[in-house]
Amino acid sequence: MSKQLLHLVMGGRVKDPQGVDFVDPYSVHVVGVYPSYDEAVEAWRGQAQRTVDDAEMKYVVVHLHRLLEPDLPSA
C-alpha cells in the first residue's frame, strides 16, 4: 500500500498577485482536501478558471503531507 499524500486546495484575495499573503485570512475559501496531486490540480484549475478575470484572487495547492511529515523525502 502506498503512502497517503494529502493536498489542500484553497484561495482568496491576495495583497500582491505574486505572493500568497491573503488580504483576509478569515475569508480564505477552502475548496477541499484531495488524496492525490492530480485531483488537487483539477480542483485548483476549476477554481482558478472561475476567477481568471480577477488578478487579486489566487488559488493554491498545499502539500499537506509535507507539513504533517516534513522529514519525508519529496516525491
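What follows draws every value from the coordinates through simple rules; no lab data is involved. Note that this is a predicted model, so its numbers are computed, not measured. In this analysis, Cβ positions are derived from the backbone assuming ideal geometry, glycine residues included, and neighbour counts consider all displayed protein chains.
Simple spin-label model, 7 Å along Cα-to-Cβ: Asp71 to Gln4 in nm?
Result: 2.1 nm between the two label points.
Only Lys, Arg, Asp and Glu count, each charged at its Cβ (+1, +1, -1, -1), so figure out the dipole size of the chain about its Cα centre, rounded to 20 debye. List each step's numbers first, then the result.
Values: 7 positive and 11 negative charges, 17 e Å.
With Lys and Arg at +1 and Asp and Glu at -1, about 80 debye.
Hey, can you grab everything whose amide H is under 5 Å from the amide H of Met10? Only 5+ residues off in sequence or another chain; H modelled, so Pro and N-termini drop out.
It is Val31, Val60, Val62, by chain and number.
Using Cα pairs under 8 angstrom and six or more residues apart, how large is the relative contact order of the chain, in percent? Don't skip to the end; give the middle numbers.
Working: 116 pairs, mean separation 30.9, N = 75.
41 percent.
Please give the helix 37-50 orientation as an angle from the longest Cα principal axis of the chain, in degrees from 0 to 90, rounded to the nearest 10.
That works out to roughly 10 degrees.
Using the alpha carbon gyration tensor of region 7-68, what are the three equivalent-ellipsoid semi-axes (square root of 5 times each eigenvalue), largest first, in whole Å?
Working through the eigenvalues yields semi-axes of 19, 14, 9 Å.
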